[in-house]
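Engineer: My structure is below; once you've seen it, I'll send some questions.
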Amino acid sequence: MAVTKIYIVYYSLHGHVETMAREVLRGVNSVPDVEATLWQVPETLPEKILEKVKAVPRPDDVPDIQPEQLAEADGFMFGFPSRFGVMASQVMTFFDNTNDLWTTQALAGKPAGIFWSTGFHGGGQELTALTAVTKLAHHGMIFVPVGYTFGKSMYEMGEVKGGSPYGSGTYAADGSREPTELEIQQANYHGKYFAGIAKKLKKRSPV
């Protein structure tokens, strides 16, 4: 059976989205005949600013991705922090540079999921995800939300938990909060669920 290639493309300033991305990776790779690769969105901030905002070092084992490389994959999971209720500008810039792919609709029909990090519950847990869908729509990609398939954990009220039917998420608070075990579990499940959908779409008959 042909392998379904999933690119997990993320941007992480303080490490929260990276933690989620690595768990999504594990979930995707747990599905037979599906292969996931981690990629980072290129940084756009100068080093001096990164030092001032106490950005964590970018991992050496995750290469930067260029927009044209998206055409190589069968599906995508995009991860990003929220800035004023929408995706971070680094990810915006990356999507702005996919014009050639948009012109040819090279990504049309390919599935895409999203995951994210916000500061708190009013910081865009749903708005960040909802506005990100516009990027997918213009490319003709098929948005794959996680829905309520995570079961009773979607209704967790005993502890703070990020995420929504749009995808998995976490809270960073002032930057000191790390993803919880439940949020990690949801990210893993999200990757596994998405991989299953992408695999089915890979096998679909041509229109």
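The values are calculated or read from the model by the stated rules, or taken from the named source; none is laboratory data. Since the model is a prediction, treat every value here as computed from it, not as a measurement. Using ideal geometry, Cβ is built from the backbone for each residue, glycine included, and neighbour counts are taken over all protein chains shown. We work out accessible area using only protein heavy atoms, side chains counted, and drop any ligands, DNA or RNA first. Shrake-Rupley method; radii C 1.70, N 1.55, O 1.52, S 1.80 Å.
Engineer: So which aspartates and glutamates can Lys202 reach, going by Cα to Cα under 15 Å and dropping same-chain residues fewer than 8 places off?
Structural biologist: Result set, ordered by chain and number: Asp33, Glu35, Glu72, Asp74.
Engineer: Note down the magnitude of the dipole of the chain about its Cα centre, charges +1 on Lys and Arg C-beta and -1 on Asp and Glu C-beta and zero elsewhere, to the nearest 20 debye.
Structural biologist: Value, rounded to 20: 620 debye.
Engineer: Return the sequence-ordered ³J(HN,Hα) values of the stretch 5-21 in whole Hz as given by the Karplus equation 6.51 cos²θ - 1.76 cosθ + 1.60 applied to θ = phi - 60°, using x for Gly and Pro.
Structural biologist: Calculated HN-Hα couplings, in order: 9, 10, 9, 9, 10, 9, 10, 9, 8, 10, x, 5, 5, 4, 4, 5, 4 Hz.
Engineer: By DSSP, what percent of the beta bridges with both residues in the chain are antiparallel, rounded to the nearest 5?
Structural biologist: Of all bridge pairs located within the chain, approximately 10 percent are antiparallel.
Engineer: May I pose another question? In terms of Cα to Cα distance under 26 Å, which lysines are near enough to Lys199, apart from those fewer than 8 places away along the same chain?
Structural biologist: In chain and number order, the partners are Lys5, Lys110, Lys135, Lys152.
Engineer: So which trypsin sites (Lys or Arg not before Pro) in the stretch 126-207 are both in a DSSP loop and have at most 14 other Cβ atoms within 10 Å of their Cβ?
Structural biologist: The qualifying sites are Lys203, Arg204.
Engineer: Something else now. Among the aspartates and glutamates, select those whose C-alpha is under 18 Å from the C-alpha of Lys54, and discard any that sit fewer than 8 residues away in the same chain.
Structural biologist: Straight-line reach from Lys54, under 18 Å: Glu18, Glu43, Asp174, Glu178.
Engineer: Select from Gln105, Gln186, Gln40 the residue whose mean-square fluctuation is largest in a Gaussian network model of the chain (Cα-Cα springs shorter than 10 Å).
Structural biologist: Of the options given, Gln105 has the highest mean-square fluctuation.
Engineer: Give a quick list of chymotrypsin sites (Phe, Trp or Tyr not before Pro) in the stretch 109-207 that DSSP marks as loop, anything other than H, G, I, E or B, with at most 15 other Cβ atoms within 10 Å.
Structural biologist: Listed in order of number, the matching sites are Phe120, Tyr148.
Engineer: Let me ask something additional. Using the Cα centre of the stretch 48-91 as origin and beta-carbon charges of +1 (Lys, Arg) and -1 (Asp, Glu), tell me which of Gln90, Phe76, Pro63 is placed farthest towards the positive end of the dipole.
Structural biologist: Checked the options; the winner is Gln90.
Engineer: Using amide H atoms built 1.01 Å from N in the peptide plane, name the residues 5+ places from Gly79, or on other chains, whose amide H lies under 5 Å from its own.
Structural biologist: Long-range HN contacts for Gly79: Val9, Tyr10, Tyr11, Phe115.
Engineer: Could you work out what % of the accessible surface of the stretch 14-62 is carbon and sulfur, using a 1.4 angstrom probe and leaving DNA, RNA and ligands out of the count?
Structural biologist: Of the solvent-accessible surface of the stretch 14-62, carbon and sulfur hold 54 percent.
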